[in-house]
Amino acid sequence: MPVIPALRPLRFLAALSLFWMGALTPALADTHPGQAELVREVSADTGKDPQALNALLDGAQMQQSILDAISRPAEGKPWKDYRPIFITNQRISDGIAFYLAHRDLVERIGRQYQVAPEYIVAIVGVETSYGRNTGKYKVLDALVTLGLYYPPRAAFFRNELKTLLELPDNHLAGPIDTLTGSYAGAQGWGQFMPSSIRDYGVDADGDGHIDMMNSLPDILASVANYFAKHGWVNGGPVAAWAQPDVAAKPVTVKDANPQWPLEQLEAWGYTPLRAMNPGKPSSLQKLEGVYGPEYWFTFQNFYVITRYNRSPLYAMAVNQLAQEIISGVHQADQAR
Ligand SMILES: [Ca+2]
């Protein structure tokens with residue numbers, strides 16, 4: 001039974017009268033912890049009707065499967081097991097086919113945002129296999145579950161839940177209670193969280209609606225805009241093989257921020273396979289490959305990909321898929 005003092009006055013009266021009648025309705029039993037405060041905040045920020053917000057939240061379900069899913073992310077695996085999940089022949093050939101089928105659009109958006117188009121395509125490839133798997137969880141259930149029932153990440157997910165409730169209708173693919181996405185509440189081909197839709201979503205087809213589920217121009221331009229706003233350097237490298245010498249100094253990297261000039265990493269015993277600008281801001285990743293440790297110099301654009309997903313494994317998967325896609329596109333060009 002909900003804690004009575006947390007209920008709004010009307011609900012309190014309703015609860016009391018039902019209590020007298022000797023019954024509690026399922027709607028009251030479904031009230032979520034912290035719901036009243038959340039509704040108050042959203043209503044104060046946006047002027048949205050508290051009754052409608054409560055009705056929406058009353059319809060959301062805490063789902064144990066979502067709590068289970070967040071406890072076993074793929075990023076816990078070593079690179080040699082992570083890579084085959086995302087870099088498959090199918091995903092590569094689908095990416096090449098997608099690029100070729102939508103070439104004018106992806107290249108136009110690439111020029112407009114100054115982002116390499118194969119990386120835009122690779123993001124939707126890694127995230128959702130080019131829109132085929134955008135997630136089957138109800139977004140509202142996901143964000144209620146993680147925002148209100150999962151203390152380790154509650155601050156982050158409650159904020160995303162609040163943002164979802166506050167987004168204008170024309171920023172979402174449909175009514176909030178119909179949206180589906182990942183167990184973390186990410187939506188559409190690019191798996192944008194509500195705050196990312198708010199901050200980076202683009203209405204690229206000009207229909208007045210940001211639709212991350214059904215509009216390819218909106219989807220691809222939003223991904224490109226996300227990269228551009230996070231500092232993508234057009235034409236810049238993402239990562240390059242590093243050859244360690246036997247006495248190479250172990251390098252600990254807190255995040256992928258390129259914090260050393262390349263020559264510093266060279267002085268520590270890592271050699272690029274091809275000569276590069278010694279002053280280039282760089283970082284280093286050590287990944288557990290099939291044949292042992294792999295060392296990679298990483299640069300600003302690698303860091304930008306980690307703004308999309310913090311995992312260096314994710315960024316490397318996007319990088320390698322993008323490279324496979326663009327090389328397949330070039331091969332198709334030569335074959336014509
Ligand atoms: Ca649109």
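Just so it is clear, none of the values below were taken in a lab; they were calculated from the coordinates. Here the structure is a predicted model, which is why all the values come from computation and not from measurement. Cβ sites come from the backbone with ideal geometry, for glycine too, and all protein chains shown count toward neighbours.
How many percent of Cα pairs in the range 198-289 exceed 19 Å? The partial results should precede the final answer.
Working: 2283 of 4186 pairs.
Of all Cα-Cα pairs in the range 198-289, 55 percent lie more than 19 Å apart.
Between residue 247 and residue 93, what's the calculated FRET efficiency when r is the beta-carbon distance and R0 is 30 Å? Round to 0.05. Display every interim value, and only then the final one.
Numbers: r = 43 Å, r/R0 = 1.42.
After rounding, the FRET efficiency stands at 0.10.
Explain nothing, just compute: Karplus ³J(HN,Hα) = 6.51 cos²θ - 1.76 cosθ + 1.60, θ = phi - 60°, for every residue of the range 284-298 in order, whole Hz, x for Gly and Pro.
Each residue's phi maps through the Karplus curve to give 9, 10, 10, 10, 8, x, 4, 9, x, x, 10, 10, 10, 6, 10 Hz.
log10 I(q)/I(0), Debye, Cα-only the range 137-222, no solvent, q = 0.13, 0.14, 0.22 Å⁻¹?
Log10 of I(q)/I(0), two decimals: -0.36, -0.42, -0.96.
If R₀ is 30 angstrom, what is the calculated FRET efficiency for the pair residue 155 and residue 233, using the beta carbon separation as r and rounding to 0.05?
Numbers: r = 32 Å, r/R0 = 1.07.
For R0 = 30 Å, the calculated efficiency reads 0.40.
Let me check I've understood the local charge: for residue 128, count other residues with C-beta under 14 angstrom from its C-beta, Lys and Arg +1, Asp and Glu -1. What total comes out? Could the numbers behind the result be given before it?
Working: positive: 91, 132, 136; negative: 94, 127.
Every neighbour counted, the sum reads +1.
Compute the length gained on full extension between residue 68 and residue 100: take 0.36 nm times their separation in residues and subtract their Cα-Cα distance, giving the result in nm to one decimal.
Working: separation 32, 0.36 × 32 = 11.52 nm, distance 3.85 nm.
So the extension gain works out to 7.7 nm.
Which order results if 241, 268, 260 are arranged by neighbouring Cβ count within 10 Å, fewest first? Please list the in-between numbers first.
Values: 241 13, 268 16, 260 19.
Least to most surrounded, the residues fall as 241, 268, 260.
Rg/Rh for the range 45-125 to two decimals, with Rh computed the Kirkwood way over all alpha-carbon pairs. Don't jump to the answer; show the numbers that get you there.
Numbers: Rg = 20.2 Å, Rh = 16.9 Å.
So for the range 45-125, dividing Rg by the Kirkwood Rh gives 1.19.
For the range 68-117 and the range 272-289, write down the distance between their C-alpha centroids in whole Å.
After rounding, the separation between the Cα centres reads 22 Å.
Among 62, 316, 193, which comes first, then next, by fewest other beta-carbon atoms within 10 Å?
Working: 62 16, 316 26, 193 22.
Listed from fewest to most nearby Cβ atoms, that is 62, 193, 316.
Share of Cα-Cα pairs in the chain beyond 35 Å, in percent?
Details: 18464 of 56280 pairs.
I get 33 percent for the Cα pairs in the chain exceeding 35 Å.
Based on Cβ point charges of +1 for Lys and Arg and -1 for Asp and Glu, what charge dipole magnitude is obtained for the range 137-222 about its Cα centre, in debye rounded to the nearest 20? Please list the in-between numbers first.
Working: 5 positive and 11 negative charges, 104 e Å.
Using Cβ point charges on Lys, Arg, Asp and Glu, the range 137-222 gives about 500 debye.
List nothing, just return the count: lysine pairs in the chain, 8 or more apart or interchain, with Cα separation under 28 Å.
22
Run the quick spin-label model on residue 330 and residue 133: label points 7 Å from Cα toward the beta carbon, then report their separation in nm to one decimal.
Those two pseudo-labels are separated by 2.9 nm.
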